[in-house]
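> I'd like to ask some things about the structure below.
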Amino acid sequence: MTTATDSLLATQENPYALSHLDALEAESVHIFREVAGEFERPVILFSGGKDSIVMLHLALKAFWPAAVPFSLLHVDTGHNFPEVIEYRDRTVAEHGLRLHVAHVQDFIDDGRLRERPDGTRNPLQTVPLLDAIERNKFDAVFGGGRRDEEKARAKERVFSLRDEFGAWDPRRQRPELWSLYNGKHAVGEHVRVFPLSNWTELDVWQYIEREGIELPEIYYAHHRDVFKRDGMWLTAGEWGGPKDSEPVEQRLIRYRTVGDMSCTGAVDSDAVTIADVIAEIAASRLTERGATRADDKLSEAAMEDRKREGYF
Amino acid sequence: MTTAHLTDESGATSLLRFATAGSVDDGKSTLVGRLLHDSKSVLTDQLEAVERVSLGRGQEAPDLALLTDGLRAEREQGITIDVAYRYFATARRRFILADTPGHVQYTRNMVTGASTAELAVVLVDARNGVVEQTRRHAAVAALLRVPHVVLAVNKMDLVDYAEPVFAAIAEEFTAYAASLGVKDIVSVPISALAGDNVVEPSAHMDWYGGPTLLEHLETVAVVGDAGSEPARFPVQYVIRPQTEEHPDYRGYAGQLASGVLRVGDKVTVLPSGHTTTVAGIDALGRETDIAWAPQSITVRLAEDIDVSRGDLIAAGPAPVPTKDIEATVCHLNERTLRPGAKVLLKHTTRTVRALVKEISYRIDIDTLEQRSGAEGLEVNDIGHVVLRTAEPLALDSYADNRRTGSFLLIDPADGTTLTAGMAGEAFETVRTTEPDGEDWV
């Protein structure tokens, strides 16, 4: 494994400066190691999206030359981009990791979940997620959430205690001081851990560029059949789109986030390299979620409400 | 103005963590809103959401406080729960802003925000000058040893941009903060509403020759003199791959809390007191011969001695491990902290059982008087305590090292974080007598 050192800001006057990426990396690695030192059964939520990919990259560095002492968990909505599933399986094999998959489809098939009329399965992930946590007795669950993504997330701690129902109570949050993270929890409770809390979308991309991290191809511009719903370009698929009134057209697009196909919108883009993507984000007047996530638009407090139910 | 997020091809900039303090009436939301907005960190969809909600409530202008009040309860009740973190960037620097609510019962929140801050912005209304709240903010910044403090004298537009008004407030504040041990104090006259001296230099205050607030945030020195600090390395995790490729690798993973560590340095492992030398340093997959705070690294030692999570590897003058700790604390929880309480104490990577032997005194944060005879500390109280731990801890004084001098007290019954602790005395200038008052009332 190699690390670029040219980003260290050390100068003649200031030999011990760190670049913002080095400072963020050091902090995230510290968080991974704290969890490894304090918890019995941690797991990394891994969707094949850029944030979870950066998370895994940081975990690999944190424990080098030993293996990452955590397994991975993917909550599979069944509405996946094939490129992402291919990436997921290749990555798991490459690093000799163990992957748990919780299938939303299984829960629909046996009646524990019901398909929503709009076909969106993203909100349905909470039940399989909590089931997997309970069944595997995971006590710490890493998520790639960033505080810059959404205003409810801006209030969330790095170590976020969840009760036996997986619920988040913003009023019961523990104050977090210095770099002293409190992971104490009762049996049945667990802690969500967000090592990328202090990163922004741009930091993530700059880090991907610096570290030369490979991503699923859908993050770069490509031609794809899409249709418009609620102002967003969605990929046609068996999940319930398009309707007759939604004409399909081929466009040059890319994805800023990767989630369930039914609620992740594409953006018009000709960015084919990491540098192109960074330039595009720096000039964008829309936030990542505002541009591409339908589920956040359901209500003003959509994210907070889902988090209270146990969502990430 | 510097609105681009990127400077050079590498995009490398430094990072400043800072906190804001000020009551709602001082215009803190407006100031935060302006910093975010003028640095292009509020994007169209966020602004539209704020406008939509503001209009829905019958307000004519978008309420920028909605940008920072993210939770349902906050919006419904118009209150702010706890610290929120905001992110913005200019061409010169990345910023993490700990936005602390400006309520009367805010001490706990400001302490939380200030714990990681390298700079605190204390906001004052130019019409009111230095008030009780201002002194409280200065005291908390001094208590938490925030290295840099900025006094932002706001609403200069409402005092005709008059220099004498600013000068008098700046002088009074600087004298007070300096007496508490704050080393670097810069005062800036601003109008957050009109935009004077926040991002753009003011056209109304020719008499002011200093930097705008943002310019100061962009240029203030964020790196301490790591070369002169003793190295402190709390061991987080022992890395032993036991693979064919690395059969004998044994590394101690952690984040350097302070100072510089070099291969060949003589070090002491605490609390055992064993001494050895640094045989190798791995900086996240790359071998190096030097590392400095706050890098996360893995250290290999020359001798195979017993080292585990919770130990401290120290170079230079090492702290003497002790079971008796005197500390200044801020109580964070609604449950009263009383003498005789059995708690857990988390210091760096070590958690031990501890007993609250004595609550020596409570500090009146408004007057800085020490009130002895306290039966317990209530939420938001700051006081001095004596603790006895079950195992010896290698603590530095908080005045010397914010990372190895700080700790948490935790309720062993349910894991609740009770109290934030700082080893040693609260302020550099200890006030044991009644203040005579005329300077700061």
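The values are calculated or read from the model by the stated rules, or taken from the named source; none is laboratory data. Given the structure is predicted, the values throughout are model-derived calculations rather than measurements. FYI the Cβ positions are ideal-geometry reconstructions off the backbone, even for glycines, and counts take in every protein chain you see. Just so you know, the surface numbers come from the protein's heavy atoms only, side chains and all, with ligands and any DNA or RNA stripped out. Shrake-Rupley method; radii C 1.70, N 1.55, O 1.52, S 1.80 Å.
> What pairs come up if the first residue lies in region A:114-143 and is in contact (Cβ under 8 Å) with a residue 60 or more places away in the chain and closer than 25 Å to A:V193 by Cβ, the second is part of a helix (DSSP H, G or I) and open to solvent by 20 Å² or more (accessible area, probe 1.4 Å), and their beta carbons are under 6 Å apart, counting only those six or more places apart or on different chains?
A:T126/A:E309
> Pairs under 6 Å by beta carbon, first residue more than 14 Å from chain B (Cβ to nearest Cβ) in region A:47-75, partner basic (K, R) and surrounded by 23 or more Cβ atoms within 10 Å (Cβ to Cβ), six or more apart or different chains?
A:G48/A:R88
> Taking the conditions exactly as written (out of contact with any strand residue (DSSP E or B) (no Cβ under 7 Å at 6 or more places or on another chain), open to solvent by 20 Å² or more (accessible area, probe 1.4 Å) and farther than 25 Å from A:E288 by Cβ), does A:P123 satisfy them or not?
No.
> Same structure again: Kindly establish whether B:F166 is farther than 13 Å from B:M205 by Cβ, in contact with a helix residue (DSSP H, G or I) (Cβ under 9 Å, 6 or more places away or on another chain) and of a type outside the set (D, E, K, R).
no
> In region B:367-423, how many are of a type in the set (S, T, N, Q) and over 17 Å from the mean Cα position of the chain (by Cα)?
Residues that pass the stated criteria total 6.
> Which of the residues that make up region B:201-225 are in contact with a helix residue (DSSP H, G or I) (Cβ under 8 Å, 6 or more places away or on another chain) and open to solvent by 50 Å² or more (accessible area, probe 1.4 Å)?
Answer for region B:201-225, where residues must be in contact with a helix residue (DSSP H, G or I) (Cβ under 8 Å, 6 or more places away or on another chain) and open to solvent by 50 Å² or more (accessible area, probe 1.4 Å): B:H204, B:W207.
> Let me ask another. List every residue pair whose Cβ atoms lie under 6 Å apart, where the two residues are 6 or more positions apart in sequence or sit on different chains, the first residue falls within region A:260-279 and is open to solvent by less than 10 Å² (accessible area, probe 1.4 Å), and the second residue, located anywhere, is modelled with pLDDT under 90 and of a type in the set (G, A, S).
Qualifying pairs under 6 Å: A:S262/A:G119; A:C263/A:A294.
> Open to solvent by 40 Å² or more (accessible area, probe 1.4 Å), farther than 17 Å from A:R256 by Cα, within 14 Å of another protein chain (Cβ to nearest Cβ) and more than 13 Å from the chain's Cα centre (by Cα) - does that describe any residue in region A:85-96?
yes
> Please count how many residues of region B:226-241 are facing another protein chain (nearest Cβ under 8 Å) and either open to solvent by 10 Å² or more (accessible area, probe 1.4 Å) or modelled with pLDDT of 85 or more (or both).
6
> Same structure again: Considering B:K342, B:K346, which residue is in contact with a Phe, Trp or Tyr (Cβ under 7 Å, 6 or more places away or on another chain), under 30 Å from B:V307 (Cα atoms) and of a type in the set (D, E, K, R)?
Testing whether each residue is in contact with a Phe, Trp or Tyr (Cβ under 7 Å, 6 or more places away or on another chain), under 30 Å from B:V307 (Cα atoms) and of a type in the set (D, E, K, R) leaves just B:K346.
> Return the residue satisfying two criteria in turn: it lies in region A:167-201 and is facing another protein chain (nearest Cβ under 7 Å) and surrounded by fewer than 18 Cβ atoms within 10 Å (Cβ to Cβ), and of such residues it is modelled with the lowest pLDDT.
A:R171
> Just to check your reading of the model, which residue among A:T257, A:T273, A:T292 is polar (S, T, N, Q), modelled with pLDDT under 70, out of contact with any His (no Cβ under 9 Å at 6 or more places or on another chain) and under 30 Å from A:L73 (Cα atoms)?
Selected residue: A:T292, the only one of A:T257, A:T273, A:T292 that is polar (S, T, N, Q), modelled with pLDDT under 70, out of contact with any His (no Cβ under 9 Å at 6 or more places or on another chain) and under 30 Å from A:L73 (Cα atoms).
> Which ones in region A:156-167 are closer than 12 Å to A:F194 by Cα and touching a strand residue (DSSP E or B) at 6+ places or on another chain (Cβ under 6 Å)?
A:F159, A:S160, A:L161
> Which condition number in (1) open to solvent by less than 40 Å² (accessible area, probe 1.4 Å); (2) outside any helix (DSSP H, G or I); (3) over 22 Å from A:Q125 (Cα atoms) is the one that A:V75 fails?
(3)
> When residues of region A:213-225 are filtered for being more than 18 Å from the chain's Cα centre (by Cα) and open to solvent by less than 60 Å² (accessible area, probe 1.4 Å), how many remain?
Within region A:213-225, residues that are more than 18 Å from the chain's Cα centre (by Cα) and open to solvent by less than 60 Å² (accessible area, probe 1.4 Å) number 3.
> So, one more: Of all residues in region A:31-70, count the ones that are open to solvent by 20 Å² or more (accessible area, probe 1.4 Å) and of a type in the set (S, T, N, Q).
Of the residues in that region, 1 qualify.
> State all residues of region B:196-222 that are free of Cβ contacts under 8 Å to residues at least 60 places away in the same chain and over 19 Å from B:S14 (Cβ atoms); if no residue qualifies, say none.
Listed by number, the residues that qualify are B:D196, B:N197, B:P201, B:S202, B:A203, B:H204, B:M205, B:D206, B:W207, B:Y208, B:G209, B:G210.
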